[in-house]
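Trainee: My structure is below; once you've seen it, I'll send some questions.
Read the figures in this text as sums done on the coordinates, not as results from a lab. Everything numeric in this text was worked out from a predicted model, so none of it was measured. When we count neighbours, we look across all protein chains shown, and the Cβ atoms used for this are built from the backbone with ideal geometry, even at glycine.
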Amino acid sequence: MDAPRPTKMAATDVRLDYFNERIGQTLHVLDGIDMTVTEGELVSIVGPSGCGKSTFLAAVDGLIRVDGGEIKVSGQTVTKPGPDRAMVFQNDSLFPWRTVLQNVMYGLELQQKMPKSAMIDRARGLVELVGLKGFADHYPHELSGGMRQRVNIARALAPDPDLLLLDEPFAALDAQTREFMQAELLKILERTRKTALFITHQIDEAIFLSNRVAVFSARPAKIKEMVTIDLPAARNLTIKHQPRFRDLQEHIWRLIEEESARSGLMATN
Amino acid sequence: MTSVPADTSIAKPVANPRAKSVWRKRENFILGAVAVACFMIFWEASVALGWAKALFVSSPSRIVKALVAMIADGSIWNHLAVSGMEFGIGYTLAVIVGIPLGILMGWYRRLNAVLDPFVSALYATPRIALVPLIIIWFGVDLASKIAIIFLSTVFPILVSTITGVRTIDRDFIKVARSFGASDRQLFMTVALPSSVPMLLTGLRLGLGHALIGIVVGEMIGAQAGIGYMMSLAGATFQTDKVMVGLVIIAGSGMLLTEVLRMIERRYESWRVDTRH
């Protein structure tokens, strides 16, 4: 390509300790994470269970304060949640008392930056974008798991964030739906031209979706390796059968396995 | 690939693959109705055959006769109106006080800490134990009945509302915070709506307590009302009339509970099937 694309997210030497109430101990979770995500990129984070992937994502969202270092999104230092970032949570956590449309409108309602009719128009557009035309007035309990995650994505997209944060969004879905949703997510991101940071424990999911995959070490987490996914940009599900895909999968698997072994965890994923 | 979701079929309500027979659809209802009918026949028969004395146990036909007589001479309407008014005012006051106070206590930890000892003590006390005090304070007129019904009803409503506001799903709080919700917005958009199911449960529980309040209040001292009518009839061995009162109390209790259950059921989907 021509001019280098601007940096959307930059994490510099991010350190974070977290007091775990259940075990009554302060854990050293992040041990100097350096990472940049350029505009339009999708970067995935994988790593052994409990390594601090989700904590890092919550810190980027501004839900948790960092104890050292800095996270910048679009040049602004993150101190609290803001409309430039939006999170897609693992559990769909849609509000059961709101219809699909009302759920998608949630972020816009909080901001109160546009008239109600504009909110409805925007939300309707997003409901269509994620392929749920005709379901705008349904309640979440009337939808399947895959459909609820579509709503979850639409809800995050509504305030038009610069950076989309996805925390294992497809973990609760069955294998078939998950694969389908991966392809759908790529389409949605392409259409909306969003930058995304994606957490998963599925290595094939990370490779399939990403431009780069950050492999976190066991806690306290550092980036063990940033793997560039040198697969063609136009992805479809057949790519998963290519030898290069398998190689990458094996490479990342080794890295995670090493870390799991080092920390005494069994590699479960 | 099309953009139509692969999994839409799951969302549509599936029509019954084969129509069930009346029996299979309404089995519980039919069994219940038959059981009640059998009981009525047995009751009527035991009195008719002289196994039991009508003076003590009355009988379905005598209850109906007594009810018809009370409707005919018009005496029942005054009792119903008085009890209905007591219930209406007492229950409404309990709702007006219980729900806002419950919301405040659920939301503000400190307020809850201050008021909790009082609420817990009063909630644990059988409300009947307060009746002598209430009569000292309010006399034996309408005010004391309303006070008894209010006190019976307000605590179940209060405690359920507190629980509803306190037990907000943490995931919902995270979502709201992530979207930048202020404390006020968190309260309005998450705490309040998510407490609705518990709040309705409180209203339903309060209903039962309110009916107890009516009967207890009127039996202790009153000039009219269903409970008064029952205790007067009981004292003069008019078993049929006592039974009429019982039927009215039981019937209105079931009716009102069913109405609230229907409202609750509309919100039931919030509780089930939202978490996996």
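Trainee: List the aspartates and glutamates whose alpha-carbon lies under 15 Å from that of B:K241, not counting same-chain residues fewer than 8 positions away?
Mentor: Cα-Cα hits under 15 Å: B:D73.
Trainee: While we're looking at this one, here's another question. Where in chain B are the DSSP H helices whose C-alpha atoms run 24 Å or more along the long axis and whose mean Kyte hydropathy is at least 0.0? Numbers along the way, then the final one.
Mentor: Working: long enough: B:27-48 (31 Å, 1.57); B:75-107 (48 Å, 1.24); B:142-166 (36 Å, 1.63); B:196-220 (36 Å, 1.56); B:239-271 (46 Å, 0.32).
Long hydrophobic helices here: B:27-48, B:75-107, B:142-166, B:196-220, B:239-271.
Trainee: Can I ask one more? Filter the chymotrypsin sites (Phe, Trp or Tyr not before Pro) in the range A:171-269 to those in DSSP coil with at most 13 other Cβ atoms within 10 Å of their Cβ, and list the result.
Mentor: Numbers: sites: A:F180, A:F198, A:F208, A:F216, A:F245, A:W253; in loops: none.
Hits after loop and neighbour filter: nothing returned.
Trainee: For chain A, state what percent of all Cα-Cα pairs lands in each successive 5 Å bin, counting from 0 Å until the bin that includes the largest distance.
Mentor: For chain A, the pair-distance distribution reads 1, 6, 13, 16, 18, 17, 14, 9, 5, 1, 0, 0.
Trainee: At a Förster radius of 60 Å, what calculated FRET efficiency corresponds to the Cβ-Cβ distance of B:M85 and A:R191, to the nearest 0.05? Display every interim value, and only then the final one.
Mentor: On the way: r = 63 Å, r/R0 = 1.05.
Once rounded, the FRET efficiency stands at 0.45.
Trainee: Continuing with this model, one more query. Could you tell me what fraction of 2.2 N^0.38 Å the Cα radius of gyration of the protein assembly as shown comes to, as a two-decimal ratio?
Mentor: Ratio of Cα Rg to 2.2 N^0.38 Å: 1.32.
Trainee: Hey, how many Å between the Cα centroid of the range B:159-208 and the Cα centroid of the range A:48-83?
Mentor: What the calculation gives is 28 Å, centre to centre.
Trainee: Separate question: Label points 7 Å out from Cα along the Cβ direction at B:E268 and B:K65: separation in nm?
Mentor: 4.3
Trainee: Let me ask you something else. Which of the trypsin sites (Lys or Arg not before Pro) across the range A:50-106 are loop residues per DSSP, with 16 or fewer other Cβ within 10 Å? Before the final figure, lay out each step's value.
Mentor: On the way: sites: A:K53, A:R65, A:K72, A:R85, A:R98; in loops: A:R65, A:R98.
Listed in order of number, the matching sites are A:R65.
Trainee: Give the aspartates and glutamates whose C-alpha is closer than 17 Å to that of B:K145, dropping any in the same chain fewer than 8 places away, or say none.
Mentor: Those aspartates and glutamates meeting the cut-off are B:E86, B:E218.
Trainee: Just to verify a number: FRET efficiency for A:A172 and B:I41, C-beta to C-beta distance, R0 = 60 Å, to 0.05? Intermediate results must be reported in sequence, preceding the final value.
Mentor: Working: r = 55 Å, r/R0 = 0.92.
Approximately 0.60, to the nearest 0.05.
Trainee: If you take each beta carbon of peptide A:92-100 and count the beta carbons of other chains within 10 angstrom, what is the mean?
Mentor: Values: counts 5, 11, 4, 10, 13, 11, 2, 0, 0.
Partner-chain Cβ atoms within 10 Å, mean over residues of A:92-100: 6.
Trainee: Please report, ordered by residue number, every helix of chain A (full DSSP H runs) that is 15 Å or longer along its axis going by C-alpha atoms and whose mean Kyte-Doolittle hydropathy reaches -1.0. Before the final figure, lay out each step's value.
Mentor: On the way: long enough: A:100-111 (18 Å, 0.50); A:116-129 (20 Å, 0.05); A:145-157 (18 Å, -0.25); A:175-192 (25 Å, -0.42); A:243-262 (28 Å, -1.21).
Helix filter hits for chain A: A:100-111, A:116-129, A:145-157, A:175-192.
Trainee: From other protein chains only, count the Cβ atoms within 10 Å of every residue's Cβ in B:165-177, then give the mean. Intermediate values should be presented prior to the final figure.
Mentor: Numbers: counts 0, 0, 0, 0, 4, 1, 6, 4, 1, 8, 14, 6, 6.
Across the residues of B:165-177, the mean count of other-chain Cβ atoms within 10 Å is 4.
Trainee: Straight-line reach from A:K53: which lysines have a Cα under 26 Å away, not including same-chain ones fewer than 8 places off?
Mentor: Of all the lysines, those that pass the test against A:K53 - Cα under 26 Å, at least 8 places apart if same chain - are A:K8, A:K72, A:K80, A:K187, A:K194, A:K222, A:K224, A:K240, B:K174.
Trainee: Then there is this: In bins 5 Å wide, starting from 0, what share of all Cα pairs of the range B:58-271 does each bin hold, as a percent?
Mentor: It works out to 1, 7, 13, 16, 15, 13, 11, 8, 6, 4, 3, 2, 1, 0, in whole percents.
Trainee: Loop only per DSSP, at most 15 neighbouring Cβ atoms within 10 Å: give me the chymotrypsin sites (Phe, Trp or Tyr not before Pro) in the range B:77-109, ordered by residue number.
Mentor: B:Y108
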